[in-house]
Every structure is written in C-alpha cells, then in structure tokens.
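Visitor: Encoded as structure tokens, here's the structure I'll be asking about.
Just so it is clear, none of the values below were taken in a lab; they were calculated from the coordinates. Computed from a predicted model, the values in this text were never measured in an experiment. Glycine also receives a Cβ, built like all others from the backbone with ideal geometry; neighbour counts cover every protein chain displayed.
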Amino acid sequence: MLSVVVLISGSGTNLQALLKATDNPLYPAKIVAVGSDNDAPGLTYAELHEVDTFVVEPGRFESREAWAQTLLASVQHHQPDLVVLAGFMRILPANFVNALKGKLINTHPSLLPLYPGAHAVRDALEAKATVTGVTIHKVDEGVDTGEIIVQQSVPVEPNDTAASLHEKIKVIERELLVQCVQDIATKKIVLS
Ligand code: GRF
C-alpha cells in the first residue's frame with residue numbers, strides 16, 4: 001500500500017477524487033495526511049475522511065526556506081512514499097524538493113511545457129489555443145519544469161471562458177491523477 005501525503009491550497013477537488021478512490025479497498029494507495037499553506041476549504045474533505053491535516057503558513061516565517069523546512073518536517077512526520085501537489089499554489093525551494101527527490105509530483109492544468117505558472121488556463125485562452133489539457137509531472141525547483149509523467153489533452157471551444165475551460169480540465173485532471181497514483185503504487189510508473 002502506497003502512503004501518500006497531499007498538499008493543497010484551495011478547493012481540493014483533486015484531493016476529494018483521490019480520497020474517494022481510496023474508499024475502494026482494492027485501490028493500492030492510502031492518504032495518510034493532507035497539508036496546506038492556508039486554511040484551505042479543501043481541508044474539509046480530509047477531515048470528513050478522518051485523515052490528519054496540517055497547515056504551515058509562509059507568513060509566519062522569516063524566509064521561504066524556513067517555511068519549507070517546517071512544511072517538510074510536517075510531511076516527513078507521516079513517512080509518505082509519495083507527495084502529491086494537488087492545487088498547491090506555492091513554489092517550493094530546493095531544501096524541500098531535494099529532500100523528496102523521486103517522491104514528489106504535481107498536477108498542472110495545461111499541456112506543459114506550454115503555459116506554466118499560476119494562470120495556465122487564462123494563458124491558453126489568451127494564446128487562442130484550440131487544445132490544452134493537463135500534465136502530471138515530477139517536481140523540481142523550477143515553475144512546472146519537472147519531467148513529464150503523463151498528459152491528457154482537452155479541446156478548447158470557441159465560447160469557453162477561463163472558468164468553463166478549467167472545469168472541463170479538472171474533470172480530466174481528477175481521473176488522470178487517480179490513475180497516475182494507482183500506477184505509481186503498482187509500479188507501472190516508476191519515479192526515479
Ligand atoms: C487544479 O486545476 C490544479 O492543477 C491547479 O489548481 C487546480 C486545483 O483544483 N493548480 P482543486 O483545488 O483540486 O479543486
């Protein structure tokens with residue numbers, strides 16, 4: 001059974017999908033804790049599933065590194081095999097990323113390397129893209145630059161808004177994330 005810590009910043013629907021998957025006893029991963037950089041609404045899903053939560057707010061620390069070190073300690077306390085950034089909207093410094101090498105993945109709402117950063121859906125629309133999608137990738141110190149693990153495309157319709165397009169992407173994203181974590185647990189995908 002793969003032990004997973006999930007980090008979120010917002011609504012937590014990707015987390016919710018993972019928690020729902022783990023309700024099936026045949027799913028080969030379990031979520032041992034959920035962390036956030038703020039009092040995120042999505043933490044409620046963890047509480048409903050009686051999964052431990054922790055919040056480490058950057059504003060309470062003198063540097064990003066000090067914040068990340070405390071966040072790392074909270075993550076490592078749960079001894080995860082895998083850490084999933086699922087809508088975690090902070091760039092993580094080297095001390096965090098290096099300590100979790102081979103165990104840290106992120107989900108991003110575009111077909112990377114296109115549209116990295118916090119406004120991927122808006123940027124795809126502004127670029128008049130006819131197709132965008134979702135990428136699950138390994139995390140390095142850059143902004144959405146780590147090695148790509150899986151991707152799936154989503155068509156952009158002429159009347160899409162950022163909100164409608166993001167919703168369509170998130171439907172695909174949740175399925176892809178649940179499948180990707182399963183594939184990591186069964187070693188169909190090997191992270192190095
Ligand atoms: C996802 O689309 C994620 O890729 C992006 O923010 C969204 C988070 O959604 N960075 P949720 O919090 O899982 O609902």
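Visitor: Does a label point 7 Å from the Cα of Ser63, set along Cα-to-beta-carbon, have any residues of the range 75-104 with amide nitrogen under 14 Å, and which are they?
Guide: 93-96
Visitor: Moving on to the next point. Give the residue list of chymotrypsin sites (Phe, Trp or Tyr not before Pro) in the range 10-95 that are DSSP loop and have at most 16 other beta-carbon atoms within 10 angstrom. Please report the intermediate quantities before stating the final value.
Guide: Working: sites: Tyr45, Phe54, Phe61, Trp67, Phe88; in loops: Phe61, Phe88.
Within the range 10-95, the qualifying chymotrypsin sites (Phe, Trp or Tyr not before Pro) (loop, at most 16 other Cβ atoms within 10 Å) are Phe61.
Visitor: Short version: ³J(HN,Hα) in whole Hz for each residue of the range 89-95, in order, from phi by Karplus 6.51 cos²θ - 1.76 cosθ + 1.60 (θ = phi - 60°), x for Gly and Pro, what are they?
Guide: In residue order, the calculated couplings are 9, 10, 7, 9, x, 4, 4 Hz.
Visitor: Give me the net charge for the shell around Arg64: Cβ to Cβ below 14 angstrom, other residues only, Lys and Arg +1, Asp and Glu -1.
Guide: Numbers: positive: Arg60, Arg90; negative: Asp37, Glu57, Glu62, Glu65, Glu141.
My count for the surroundings of Arg64 gives -3.
Visitor: What is the Cα centroid distance between the range 134-191 and the range 1-50, reported in whole angstrom?
Guide: When both Cα centres are located, 17 Å separates them.
Visitor: What number, in percent, do you get for the relative contact order of the range 2-185 if the mean sequence gap of Cα pairs under 8 Å and at least 6 apart is divided by its residue count?
Guide: On the way: 345 pairs, mean separation 38.7, N = 184.
About 21 percent, as a whole number.
Visitor: Out of residues 5 or more away from Leu7 or on other chains, whose amide H comes under 5 Å of its own, with H placed 1.01 Å from N in the peptide plane?
Guide: Gly35, Val84, Leu85, Ala86
Visitor: Residue-wise, which Karplus ³J(HN,Hα) couplings in Hz belong to the range 63-76, taking 6.51 cos²θ - 1.76 cosθ + 1.60, θ = phi - 60°, and x for glycine or proline?
Guide: 8, 4, 5, 5, 4, 5, 5, 6, 4, 4, 4, 5, 5, 5
Visitor: Kindly provide the trypsin sites (Lys or Arg not before Pro) of the range 75-134 that DSSP labels as loop, not H, G, I, E or B, and whose Cβ sees at most 11 other Cβ atoms within 10 Å. Before the final figure, lay out the partial values.
Guide: Numbers: sites: Arg90, Lys101, Lys103, Arg122, Lys128; in loops: Arg90, Lys101, Lys103, Lys128.
Counting only loop positions with at most 11 other Cβ atoms within 10 Å, the trypsin sites (Lys or Arg not before Pro) in the range 75-134 are Lys128.
Visitor: Name the GluC sites (Glu not before Pro) in the range 1-87 that are in a loop by DSSP and that have at most 10 other C-beta atoms within 10 Å, would you? Please report the intermediate quantities before stating the final value.
Guide: Working: sites: Glu47, Glu50, Glu62, Glu65; in loops: Glu50, Glu62.
Loop-located and lightly packed - Glu50, Glu62.
Visitor: Run the reach check for Lys101 against aspartates and glutamates, Cα to Cα strictly under 16 Å, same-chain hits fewer than 8 apart removed. What comes back?
Guide: List returned: Asp81, Asp140, Glu141, Asp144, Glu147.
Visitor: Excluding residues on the same chain fewer than 8 positions from Lys170, give the aspartates and glutamates whose Cα lies under 15 Å from its Cα.
Guide: Asp160
Visitor: Sequence gap at least 6, Cα distance under 8 Å: using those rules, report the relative contact order of the range 106-146 to the nearest whole percent.
Guide: Normalised by residue count, the contact order of the range 106-146 is 51 percent.
Visitor: Taking the Cβ of Pro80 as the centre, find all other residues whose Cβ is under 11 Å away and add up their charges (Lys, Arg: +1; Asp, Glu: -1).
Guide: Here the charged neighbours net out to +1.
Visitor: In addition: Grab the other residues whose beta carbon is less than 11 angstrom from that of Pro116, score K and R as +1, D and E as -1, and report the net. Before the final figure, lay out the partial values.
Guide: Numbers: positive: none; negative: Asp123, Asp144.
So the surrounding residues net to -2.
Visitor: Something else now. Placing one identical point scatterer on every Cα of the range 19-108 and ignoring solvent, what is log10 I(q)/I(0) from the Debye formula at q = 0.20 Å⁻¹?
Guide: Taking Cα atoms of the range 19-108 as identical point scatterers yields -1.04.
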